[in-house]
1. Working carefully through the options B:E196, B:E146, find the one that is of a type in the set (D, E), within 26 Å of B:S228 (Cα to Cα) and surrounded by 12 or more Cβ atoms within 10 Å (Cβ to Cβ).
2. Suppose we filter B:S139, B:S143, B:S154 for residues that are touching a residue at least 60 places away in the same chain (Cβ under 8 Å) and either among the charged types (D, E, K, R) or touching a Phe, Trp or Tyr at 6+ places or on another chain (Cβ under 7 Å) (or both); which single one remains?
3. For the condition of a type in the set (A, V, I, L, M, F, W, C) and either at positive phi or part of a loop (DSSP other than H, G, I, E, B) (or both), what is the one hit in A:L142, A:L155, A:L161?
4. Hand me the list of helices (runs of 4 or more DSSP H) wholly inside the range B:53-126 holding 2 or more residues that are away from chain A (no Cβ under 12 Å), surrounded by fewer than 20 Cβ atoms within 10 Å (Cβ to Cβ) and small (G, A, S).
5. So which of B:R93, B:R49, B:R20 is within 24 Å of B:L242 (Cα to Cα) and out of contact with any Lys or Arg (no Cβ under 7 Å at 6 or more places or on another chain)?
6. Being among the aliphatic types (A, V, I, L, M), over 23 Å from A:A213 (Cβ atoms) and not assigned by TED's automatic domain parsing to the domain that holds A:A145 narrows it down to one of A:L14, A:L27, A:L92, A:L38, so name that one.
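The values are calculated or read from the model by the stated rules, or taken from the named source; none is laboratory data. These figures come from a predicted structure and were not determined experimentally. When we count neighbours, we look across all protein chains shown, and the Cβ atoms used for this are built from the backbone with ideal geometry, even at glycine.
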Amino acid sequence: MHGITIQNVTKTYLTNGEHSVVKNLTLEIPMGTVFGFLGPNGAGKTSTIKMLVGLSRPTEGTISLLGGTPDDISVRARIGFMPESPAFYGYLTGKEFLEFIAKIFKQAHPNHHIEEILKSVDLGHAKNKQIRTYSKGMLQRLGLAQALINNPDILFLDEPLDGLDPLGRAEVKKIILALKEQGKTIFFNSHILADVEEICDVVGIIDKGVLVAHDTPQSLSIGHKDLEDAFVHIIEQSRKQYA
Amino acid sequence: MLNTIFTIAQNTFRETMRDRILLAALAVVLIIIAFTLFIASISIEQDVRMIVDFGTSAIYILQIFVAIFIGSMLMYKEVEQKTFFLILPKPIRRYEIILGKALGLTATTFTVTLLSTLALFAILLTKGATLFVVPILLSVFLSTLEAMILILISIVFSGFTSPILSAIYTIVFFLAGHAGESLRPLIMFPQSTVIEVVARGIYYLLPNLEKFNIRNDIVFGDIPNATSIIFSLLYALFYASLLFFVASVTFKKKEF
């Protein structure tokens, strides 16, 4: 079954001269895989995820999702995306926002489904409060809820654990692990390596737009204390090589 | 497709109608309309005309405020605060978002117009001046069409510039749209071919927003005929379609 195929993708911006943020990236992620995309800040993780969900387009190369392209409406109906620090319509309530998203997916009677999702992300108590009154953790969980509303086949999460307190992180991690149990394909951007090690089947490490490693967390950690140690070593090696 | 556009429009309407800035602007206009009673009391035999003049002008300013400032802020929130990141990856086409946003904000403009017009009617009722009901309705209908055009202009500009610049450009468009008639002498009696071509180009490119202004006329009892009203409606729809096309092309190419 088709999953995510990225072939020779390069993304170049022309601001302040030509600047490539992703360089010749090739990745194949089969269905049912939880893929962790790691890299330091500015490595090209968010640029890659934006191209995967159709917010931007590759300068070169191709992206295939579920056998189509990110611009296909039929493909978009089967993916979920949670951006980094999601921003909402502040004057709507959490429930109203999810109703709005459900209508975009043309769900006829979404109320029961919305209630279930709100409970699963622990927002049932705040569903009728305006979003502008939500805490950072609540916004992250609402971001996750809107990404799950269509029961997606592929879920893209951009730094879903970023900025959360330990309790909030544990809650969101629990939800992601439950999705993994259900066999969802998850593309997961993060720089919190302990969580990635726990959640992901396969990881890719990107630095300065170049994919420098691609393997299971266990394989990458061989000969190192843990994944974090391996990550630092791989980045240092790659920078020496390209210096 | 229509369902999706309606969903975006409904959401835009709900979001903007709860906006405190809009509610504050509406409150100010309602106060101004109430204040016309005082202005009328100090004018001799012109009290009703004063109420109509001040009232329709206040409603018009509210409409322009909603179109330019709430319109620019609306797109600012989507682009700069990245609420678009939650919407664009969904099964929705970008032109559906543009049309939904424009219709939602037009519905908001229509609602605040309706509320303030009802307030104006209530004031006129205290004076027993029911003769002005139809002219006022025609006047606010035409100015709502103008607001619709300005909403689309602010959306077009916000597709490729910052919200502040978008608001400034829309204001320039608004002022130029009302000053278009002053170009006529340059076309009718040109000093040179270059001036004539440039003046003619600007004249036909910019919307003639004066077509939607009958506020002065109705104060003196002049009502435009049905043909003129229908022509203004068709003109607004033509110009709005053109702007919608430009906005759709701009947003289709836009990367986030």
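1. B:E146
2. B:S143
3. A:L161
4. On the way: elements: B:71-79, B:84-87, B:94-126.
Answer list for the range B:53-126: B:94-126.
5. Details: B:R49 fails: within 24 Å of B:L242 (Cα to Cα); B:R20 fails: within 24 Å of B:L242 (Cα to Cα).
Exactly one residue qualifies, and that residue is B:R93.
6. On the way: A:L27 fails: over 23 Å from A:A213 (Cβ atoms); A:L92 fails: not assigned by TED's automatic domain parsing to the domain that holds A:A145; A:L38 fails: over 23 Å from A:A213 (Cβ atoms).
After applying the criteria, what remains is A:L14.
Residues checked against (1) more than 12 Å from every other protein chain (Cβ to nearest Cβ); (2) more than 20 Å from B:N11 (Cα to Cα); (3) of a type in the set (A, V, I, L, M):
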position: A:S74; (1), (2), (3): no, yes, no
position: A:G90; (1), (2), (3): no, no, no
position: A:T93; (1), (2), (3): no, no, no
position: A:L98; (1), (2), (3): no, no, yes
position: A:I104; (1), (2), (3): no, no, yes
position: A:K119; (1), (2), (3): yes, yes, no
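Residue-wise test of (1) assigned by TED's automatic domain parsing to the domain that holds A:G42; (2) at pLDDT 90 or above.
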site	(1), (2)
A:R169	no, no
A:N189	yes, yes
A:I192	yes, no
A:G204	yes, yes
A:I235	yes, yes
A:K240	yes, no
